[in-house]
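Colleague: Before anything else, here's the structure in question.
The values are calculated or read from the model by the stated rules, or taken from the named source; none is laboratory data. This one's a predicted model, so the numbers in the text were calculated from it and none came from an experiment. Cβ sites come from the backbone with ideal geometry, for glycine too, and all protein chains shown count toward neighbours.
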Number of protein chains: 6
Amino acid sequence: MRLHLSTWPEVETYLADRQSIILPIGSTEQHSPCGLIGTDAITAETIAGEVGTRTGTLVGPTIPVGMAHHHMAFPGSMTLRPSTLIALIRDYVVSLSSHGFRSVLFINGHGGNIPSVQSAFYEVYETLRVQQGDAAPALRLALCNWFTLPSVGALAKELYGDHEGWHATPSEVAVTWAAYPDHIKTAPLEPLDPVDPRFYDSRDFRARFPDGRMGSDPSLAKPEHGHRFIDAVSTEIVARHGAFLDGA
Amino acid sequence: MRLHLSTWPEVETYLADRQSIILPIGSTEQHSPCGLIGTDAITAETIAGEVGTRTGTLVGPTIPVGMAHHHMAFPGSMTLRPSTLIALIRDYVVSLSSHGFRSVLFINGHGGNIPSVQSAFYEVYETLRVQQGDAAPALRLALCNWFTLPSVGALAKELYGDHEGWHATPSEVAVTWAAYPDHIKTAPLEPLDPVDPRFYDSRDFRARFPDGRMGSDPSLAKPEHGHRFIDAVSTEIVARHGAFLDGA
Amino acid sequence: MRLHLSTWPEVETYLADRQSIILPIGSTEQHSPCGLIGTDAITAETIAGEVGTRTGTLVGPTIPVGMAHHHMAFPGSMTLRPSTLIALIRDYVVSLSSHGFRSVLFINGHGGNIPSVQSAFYEVYETLRVQQGDAAPALRLALCNWFTLPSVGALAKELYGDHEGWHATPSEVAVTWAAYPDHIKTAPLEPLDPVDPRFYDSRDFRARFPDGRMGSDPSLAKPEHGHRFIDAVSTEIVARHGAFLDGA
Amino acid sequence: MRLHLSTWPEVETYLADRQSIILPIGSTEQHSPCGLIGTDAITAETIAGEVGTRTGTLVGPTIPVGMAHHHMAFPGSMTLRPSTLIALIRDYVVSLSSHGFRSVLFINGHGGNIPSVQSAFYEVYETLRVQQGDAAPALRLALCNWFTLPSVGALAKELYGDHEGWHATPSEVAVTWAAYPDHIKTAPLEPLDPVDPRFYDSRDFRARFPDGRMGSDPSLAKPEHGHRFIDAVSTEIVARHGAFLDGA
Amino acid sequence: MRLHLSTWPEVETYLADRQSIILPIGSTEQHSPCGLIGTDAITAETIAGEVGTRTGTLVGPTIPVGMAHHHMAFPGSMTLRPSTLIALIRDYVVSLSSHGFRSVLFINGHGGNIPSVQSAFYEVYETLRVQQGDAAPALRLALCNWFTLPSVGALAKELYGDHEGWHATPSEVAVTWAAYPDHIKTAPLEPLDPVDPRFYDSRDFRARFPDGRMGSDPSLAKPEHGHRFIDAVSTEIVARHGAFLDGA
Amino acid sequence: MRLHLSTWPEVETYLADRQSIILPIGSTEQHSPCGLIGTDAITAETIAGEVGTRTGTLVGPTIPVGMAHHHMAFPGSMTLRPSTLIALIRDYVVSLSSHGFRSVLFINGHGGNIPSVQSAFYEVYETLRVQQGDAAPALRLALCNWFTLPSVGALAKELYGDHEGWHATPSEVAVTWAAYPDHIKTAPLEPLDPVDPRFYDSRDFRARFPDGRMGSDPSLAKPEHGHRFIDAVSTEIVARHGAFLDGA
Ligand code: NI
Ligand code: NI
Ligand code: NI
Ligand code: NI
Ligand code: NI
Ligand code: NI
C-alpha cells in the first residue's frame, strides 16, 4: 500500500489497525559513468515497496535528494545540507505522528544519509521531550541501510567477488536495472585499481575517484541480479524489522 | 530527459548546450475520499515530464511533500513547515547552480506551496547577493502553477461546469487517473454545496470542508480527461516558458 | 486606536470586547527618483489608521522594512531575508495571541512581502499545531494588499490611464503625498516605455528598470489624489474585512 | 534627513559624502498605567531625529518591537525572541553595508534590547569575517542607550529626585509627552515603594511589579520636561558620537 | 560537588534538597603573549569551584569556548557565533530544568560572553512561555561576571595601580597562575601606552591592540595574587548570590 | 601541548610547522550508579592528551556536553540537540581554519555524538563549498571513537569477558578512575542480565535499562586497567591517525 496512491479514508482504515509506515530515502548523485543519478532513491523505493507488499505496511513518499556533498564535483549531483535534511525528516515524522503513526522505518539507499537520519531521530525525540514531556508520543524511529545487510554482502561476493566496491556498486546498479530495464547504460571504464575508501570534501573525493566509482565495477550488474538482490534483501528486512512493523 | 535516469557524463553533455532544468513540486495531502493523497505530486511530475519531453529539457526529482498544513486534520497528509521547504528549495537550487544550471522552472501542483517557493527564490537571491556580490551567478528562477493556467480553467469549465471547485478538483484527479489508471478510486460523496474557499488553520479547514473537497466533484474525473488536460497545459507551458527553458 | 499610543489598561479594556488587531506592513525601498523610500510603509500605515478609525479596531506597530531584495541595487533600499521576515511575523502574532488577540489583519503596502507573510501564517499555524495540538488558539490571520484592490485599480485607471504601472505607481505616491505634503519630490524622468513586469534578482531588476520605475509615471501623483485613494480603499477594506475585524 | 522621506538619488548623493546612519530602536511594551506602550520607540525615534538634524546624519527606520519578554504579562506588550532580533539587525546592517554605509549608530530606548543588539553586532562581524575574510567591509557598529547617559540621570535627579525608578520612568514618559502632547494619559497609581530592580521571567516580573512600574512615578512627567531631556541628551550624544557619525 | 565527578544517584540525592547549580563559562582566546589562551575558562572554573565548595552547590561543566570574535586575528583564538552560544546555553538550561534544577548561576570569565548569555536567558524564558504558558517551570537564571566585581577592582588597584587594563589583565592572569603554577609564561612586552578600550571587529581590534593587551601589564601577575583574588571574589559572590543558590 | 595552556605566539610558532589539532569530545550523562557523569569527556580528554603528547600535536578544548538525549531520564544528564552540536562543531572548525589549521581529529568518548559530528563535517564542507567554491580551504576532518577500536575490544574481552556491555562499560570507567583516582565510586548493582542494546527515546531507554547500565558491570573496573586502556588505545590511534596528524 502506497501512501501517494491511497485516499485519506483508506489511511484512516489502515491506522485503526496498524501504526507503522516505511519511508524510503535515497539520493540524487553521480553513480559512475554507467550508474543512474537516481540510483539510491530507486533502490530504496524498490526495496521499500517490496517490503511493504510482503508485510502489508504502508509506504510513504521517497525522499529523493539526500546528503551527497561529497559527490558535488560531478555534474547532476544534488545535496541537502545535513541541517536541512534533519529539518525535513523532523517535519515528516511529526506530520505522521499527528495521525497516530508510531513506528517509522526509513529504508535508506545512501551511506551519506546515515548521520543526518540518525541526528534527525534525536532531534525529534529531544524536541518532543522538551515540548511535551511525558505527554510526548512514544515514537519508534528506525533506520535500515539495505546495502549494508549481510544478505547483500553475501550475494555481492558471490556475483562480483572483489569488484563490489563502495560506491556505484554492481549490486545497487543491478537493482536499478531490474527496476528500469529500459535505462541500462554502458560506458567505457578504466581498469579497477584497489582503493582506500576514505575521503574528505567533494574536491578531495573527485581527486581520489575521478570517474566516481570507489573500487567498484558496475558493468558487472545485470537486471536479473537486481531481482535476486531485491528478493534477498527484502527477506532479510522482513526478518529483522517485521515485528517492528507489526508494532511489537 | 530525467535526471534520475541519467548518468553524470550525460548531464555534463547536456550542460554544454543547455543550462535549464525543470523541477516538479507537489504535496502529500488528502484529496477528498476519492482523490489520491499523492495527487499534486503526480500531476506536477506528469506535466513536467511532458514539458521536458516536448522541449528537450532535463527534469529533476519531484519534491513529493510540500506545505500542506491546512490538510493536516485528514489522515495521511504530510507537511513541511514553510521554513523547511524554503531551506530545501535553497539547497536544490544552490546544488544545481554549482554545475552551471542557470534557469530553473518549478512546475507546481499545489497552491499551498506558492508562498514558500516564492520566498525561497528571494532567500536564494539575497543569500547569494550578500555572500558573493557581483560574482553571484545570474540565476533565473521561475514558478509555474499548472492548475491556474487559462487552458486548464477553460477545459475544466467545458468538462465540469461549476463543479471544478478549489481542491480535489476533477481536473487534477483526472490527470492522476490518466497517470495511474489502475488506481481509480470511488467513494460516496455528499451533494455539492456552494463554498467560500477561504479558511484559516487545519482545524478550521476541516470544519468548513468535512470530507476534504472545496466545492469540487472529483467523481466527474475520467482518465481520458486527464490526457486532454496534460496535452493542453503542456502546450500552454511550452508557449509561456519555452524561451526561458531555451535560456533566452 | 493605536497600540503605541495606548496604555496597557486601555488594551485590557479593549480586549474585553474585541480580539482583533490591524498590523500595517511596508517596505524601505527605492520608489523611483521622485517617490519616497518609505512609500510602502507610509501607505500601509495611513490606510491601516483610517480603517482602524472607521472600525474601532486597534492598530499595531508598522513593520517598516520588508522583503525587498529586488530593489537592493538602488541606494537606501533595505531588505529582510524571507526567513527573517517569517520569524518576525511569527513573534508578532504569537505575542498578540498571548493576550487574547485572535484575528490579525495585515494591511500590506508591498508586493514583495506577500510570500513571506503568507508563509509566516502557515509557519505560525503549523508550529502551534505541533506544540499545542487541540489546545492551540483558534487564530485567524488575514492579509490585505491594498494596492491590488479593485477600487484602487479603478481610480488609478481614471486618474492615470496606462501610466499606473507596477512599481512607484502614481497611486501609491499620491497616498504618501497626502500623508506627507511637505515631502513632495520632483525629478526629471525618462519617457515611459512599455515594460514587461517580470524580473529575477536585484541586478536583473536594475538592468530592466534603470531608474526604479516599472512602467509608471509617479509625477502624475497629486496629494488630493492620495486622499481619494485613502477614502476609496478604506471603504473597500471595511466592506471586505469588517466582519473579520468584528470577530464574526 | 530621514531615509523614509528620501529618494534613492538623494541617498546616493548623501553617500558620496557620508557613510554613517542612525537607526532608532525601541520596544512595544507596557509602561505602567499612564505611560504609552510605544514609549521606547517614540523616545528613540525622537532623540535620533534630533541627533540626525544636528549632525546632518541620515536616520533610518525605527525598529518598533524589541526584546520585551519580561513585559509579556501585561496586555499589549509584544516581543521578539532575541534570535529574531539578532537576525533582523543583521539584515538591516548587511543591507545598509551593500550601499556603502560603514558607521551605524543604534539609538536605543529599551534596556531589554541591549544584549540582542550587542549580540547582533558580533553575529554580523563574525559572519562577514567567515564569508569574506579580509574583503569584508570595515563596519563600525555602535550602540547608544540614551536613558543611561549622565545628562539624563542628572536631569532626572533634578526633576524627580528618587522617583525616576527603572521602568516607566518620568524621564522617558516626559519625552513621549513632548512628542505626543495629545496623548498624555493619567491613571491612579499606588504609592511608590522602594523596589529591587532585579527579576527573572515575565511572571516573576508581574508578581514583583504589579502595575508595571519599577520604582518610578511617571505622573511627575511633563511635556516641557520632555523637551529638556531631548535637548540635553541630544547634546550629549553629539558630543560622544559626533566624530563617529562624521566617519572619523 | 562537581557534576562530572558525580553519579546520577548522587545528583538525585542533591536535588531532593537543592535545585541550584553553577555553570562556569569562559573563552578560548588570546590573552597577550604571556597569558594563557584558556585564561577565561580557567578563571571561571576555578572561582566557580571555590564558590561551589563554600556553598555546597553543584558545579556543572565549564563552557570552554565563548563569543570571542574580536580576538580572532590572533592565532589559537576560537569563537562561537552569538547565535550558537545562545542555542548552547538554551540546551544546557533546558536539560537541567528537566531534572528539577530551578536556579542556574553562570559564573563568567569573559566580557564578550555577556550579551549572548543574557540573550540566551530571554530566549529560554520566551520559548518556555510560548510553549508551556503557565505550566512553564519557574526558572531563575543569573549571570555573575567575576572580573567586574568591586572586590576585584579594589584588589587590582592595590596590586597593579593603573596597569590592570581591560584584557589580559594581571588579575585574571594571576588567577590562572594560581591554578596552573607550572604554566607561567613570560614574554617581552612593549611599554604600556594609555588605551581607549573601544573597538569594532577583529581586524580593528588587532590594529588597535597589536599584541593583544588592552592597557594591561600581565607581567605583574603572581600566583600568590591569584589566591587572593580567588578568595576575595568568592567571598563577594557568596555574599551576593548565596541566597539565590539556597533557592531563597 | 594544550591550547588552553598556550599563548598565541606559541600557537603561531606551532602553526608555522604543523596544521593539525586534536579536539576531545565527550558527554555529560549518567554512567550507571557507579560511573561518573563526566565519564565520556574525561576519557576523551585523557586519551586525546596522551595522543597529543606522543605525536606533538596541539590539543584543543574538550567539548564537555554532547548529544545524550537517551540518558535524559536520569538526573544530571545534559544534552545538546543535534542541531546545536552541529552548529558548535561548525564554529570550532571554522575558527581553527581561520588560523591555518587544516587537519582536525575529533577523539570521541560517546556513541551518541557520532551522527552529529559526522553531520557537522558535511555541514562545514558544504557551507564552505557554497560560500567559497574553489577558494575554500582544503580541510580534513576526522573522527576517532576510541571505544570502538580493536585494541579496546581485545583488552576489555581479556579483562571483563562478557561483562563489558554497551554503556557504563568497565573499560571507560577504568579510564576515568585512572584519571581521577580520588573519585572512585561504588554502588550495589543488580545482577547482569543479557540485554538487547537497541532503544528509542529517553523514556524507552530508562524502561529498558533501569539503572543506566547496558549489559555492563562497571564494578569490574580498576584504575590500573585504565592505564592499560590509555596506553593501548593511544598506541592504536597513533598508528591509525599519526600520518593524518603529520599532515600527510
Ligand atoms: Ni548509491
Ligand atoms: Ni491538489
Ligand atoms: Ni511601493
Ligand atoms: Ni521604556
Ligand atoms: Ni580574559
Ligand atoms: Ni560513556
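Colleague: Scanning region F:12-37 for residues that are among the aliphatic types (A, V, I, L, M) and buried (at least 23 other Cβ atoms within 10 Å of the Cβ), which turns out farthest from residue E:6 (Cα to Cα)? Reasoning before the result, please.
Modeller: Of all residues in region F:12-37, those among the aliphatic types (A, V, I, L, M) come to F:15-16, F:21-23, F:25, F:36-37.
Right, trim to buried (at least 23 other Cβ atoms within 10 Å of the Cβ) and you get F:21-23, F:25, F:36-37.
Details: F:21: 30, F:22: 27, F:23: 24, F:25: 19, F:36: 5, F:37: 6 Å.
Checked region F:12-37; the qualifying residue farthest from residue E:6 (Cα to Cα) is F:21.
Colleague: Return the pairs, sorted by first residue and then second, in which the second residue is in a helix (DSSP H, G or I) and charged (D, E, K, R), the first residue lies in region A:79-94 and is within 16 Å of residue B:78 (Cβ to Cβ), the beta carbons are less than 6 Å apart, and the residues are 6+ apart or on different chains.
Modeller: Correct list of pairs: A:90/A:123.
Colleague: Okay, moving on. Cβ contacts < 7 Å: first residue within 11 Å of another protein chain (Cβ to nearest Cβ), restricted to region F:193-211; second residue assigned to a loop (DSSP other than H, G, I, E, B) and small (Gly, Ala, Ser), any location; separation 6+ or different chain. Result?
Modeller: Filtered contacts from region F:193-211: F:202/F:73; F:203/F:73; F:205/F:73; F:206/F:73; F:211/F:32.
Colleague: Another question, then. Return the total of residues in region C:118-148 being among the hydrophobic types (A, V, I, L, M, F, W, C), surrounded by fewer than 16 Cβ atoms within 10 Å (Cβ to Cβ) and closer than 30 Å to residue C:222 by Cα.
Modeller: Looking only at that region, the number is 0.
Colleague: A further question on this structure: Can you report the number of residues in region A:122-147 which are more than 8 Å from chain F (Cβ to nearest Cβ) and without any contact (Cβ under 8 Å) to a residue 24 or more places away in the chain? Full working, then the answer.
Modeller: Within region A:122-147, the subset more than 8 Å from chain F (Cβ to nearest Cβ) is A:124, A:130-133, A:135, A:137, A:142-147.
Narrowing further to those that are without any contact (Cβ under 8 Å) to a residue 24 or more places away in the chain: A:130-133, A:135.
The number of residues fulfilling the criteria is 5.
Colleague: Also, quick follow-up: In the set E:226, E:242, E:247, E:161, which member is more than 30 Å from residue D:138 (Cα to Cα), in contact with a helix residue (DSSP H, G or I) (Cβ under 8 Å, 6 or more places away or on another chain), away from ligand 5 (no atom under 15 Å from the Cβ) and not hydrophobic (A, V, I, L, M, F, W, C)?
Modeller: Details: E:226 fails: away from ligand 5 (no atom under 15 Å from the Cβ); E:247 fails: in contact with a helix residue (DSSP H, G or I) (Cβ under 8 Å, 6 or more places away or on another chain); E:161 fails: in contact with a helix residue (DSSP H, G or I) (Cβ under 8 Å, 6 or more places away or on another chain).
Selected residue: E:242, the only one of E:226, E:242, E:247, E:161 that is more than 30 Å from residue D:138 (Cα to Cα), in contact with a helix residue (DSSP H, G or I) (Cβ under 8 Å, 6 or more places away or on another chain), away from ligand 5 (no atom under 15 Å from the Cβ) and not hydrophobic (A, V, I, L, M, F, W, C).
Colleague: While we're on this one: At least 1 residues that are of a type in the set (Lys, Arg) and surrounded by fewer than 24 Cβ atoms within 10 Å (Cβ to Cβ) in each: list the helices (runs of 4 or more DSSP H) lying fully within region F:162-248 that qualify. Break it down into steps so the answer makes sense when it comes.
Modeller: Numbers: elements: F:170-179, F:202-208, F:223-245.
Those helices (runs of 4 or more DSSP H) span F:202-208, F:223-245.
Colleague: While we're looking at this one, here's another question. Do you know which residues across region E:1-37 are at the interface with chain F (Cβ under 7 Å from one of its Cβ atoms) and in contact (Cβ under 8 Å) with a residue 24 or more places away in the chain?
Modeller: Taking region E:1-37 as the starting set, the residues that turn out to be at the interface with chain F (Cβ under 7 Å from one of its Cβ atoms) are E:3-9, E:11-12, E:15, E:28, E:30, E:33-37.
Scanning region E:1-37 gives E:3, E:4, E:6, E:11, E:15, E:28, E:30, E:33, E:34, E:35, E:36, E:37.
Colleague: Taking the residues in region B:94-121 that are of a type in the set (A, V, I, L, M) and over 17 Å from the mean Cα position of the chain (by Cα) as candidates, determine which candidate is nearest to residue B:16 (Cα to Cα). Explain how you work it out, then say what you get.
Modeller: Kept after step one, since they are of a type in the set (A, V, I, L, M), are these residues of region B:94-121: B:94, B:96, B:104-105, B:107, B:114, B:117, B:120.
Right, trim to over 17 Å from the mean Cα position of the chain (by Cα) and you get B:94, B:96.
Numbers: B:94: 19, B:96: 14 Å.
For region B:94-121, the residue satisfying everything is B:96.
Colleague: Report, by residue number, each residue of region D:38-91 that is within 23 Å of residue D:2 (Cβ to Cβ), in a loop (DSSP other than H, G, I, E, B) and either within 8 Å of chain C (Cβ to nearest Cβ) or within 16 Å of ligand 4 (Cβ to nearest atom) (or both).
Modeller: Passing the criteria: D:38, D:60, D:61, D:62, D:64, D:65, D:66.
Colleague: So residue B:208 fits all but one of (1) of a type outside the set (Val, Ile, Thr); (2) touching a helix residue (DSSP H, G or I) at 6+ places or on another chain (Cβ under 8 Å); (3) closer than 25 Å to residue C:119 by Cβ; what number is the exception?
Modeller: (2)
Colleague: OK, next. Might you let me know whether region E:65-74 holds any residue that is surrounded by fewer than 23 Cβ atoms within 10 Å (Cβ to Cβ) and more than 13 Å from the chain's Cα centre (by Cα)?
Modeller: yes
Colleague: For region A:98-121, enumerate the residues that are within 9 Å of another protein chain (Cβ to nearest Cβ) and closer than 28 Å to residue B:203 by Cα.
Modeller: We begin by selecting, within region A:98-121, every residue within 9 Å of another protein chain (Cβ to nearest Cβ); these are A:98-100, A:112, A:114-121.
Hits for region A:98-121 are A:98, A:99, A:100, A:120, A:121.
Colleague: Is there a residue in region C:16-34 that is assigned to a helix (DSSP H, G or I) and aliphatic (A, V, I, L, M)?
Modeller: For region C:16-34, residues assigned to a helix (DSSP H, G or I) and aliphatic (A, V, I, L, M): present.
Colleague: Continuing with this model, one more query. Does residue A:93 satisfy being over 21 Å from residue A:240 (Cα atoms) and more than 16 Å from ligand 1 (Cβ to nearest atom)? Don't jump to the end; show me each part of the working.
Modeller: Details: over 21 Å from residue A:240 (Cα atoms): yes; more than 16 Å from ligand 1 (Cβ to nearest atom): yes.
Yes, satisfied.
Colleague: Select from region C:52-78 the residues that are in contact (Cβ under 8 Å) with a residue 24 or more places away in the chain and hydroxyl-bearing (Ser, Thr, Tyr) and write down the one among them that is nearest to residue D:82 (Cα to Cα).
Modeller: Initial filter on region C:52-78 (in contact (Cβ under 8 Å) with a residue 24 or more places away in the chain): C:52, C:54-78.
Next, only the ones that are hydroxyl-bearing (Ser, Thr, Tyr) stay: C:55, C:57, C:62, C:77.
Values: C:55: 34, C:57: 29, C:62: 20, C:77: 24 Å.
Going through the qualifying residues, I end up with C:62.
Colleague: Still on this structure, I have one more. Could you tell me which of the residues F:154, F:138 is away from ligand 1 (no atom under 16 Å from the Cβ), under 30 Å from residue B:128 (Cβ atoms) and at pLDDT 95 or above? Can you show your working first?
Modeller: Numbers: F:154 fails: under 30 Å from residue B:128 (Cβ atoms).
That would be F:138, the only listed residue that is away from ligand 1 (no atom under 16 Å from the Cβ), under 30 Å from residue B:128 (Cβ atoms) and at pLDDT 95 or above.
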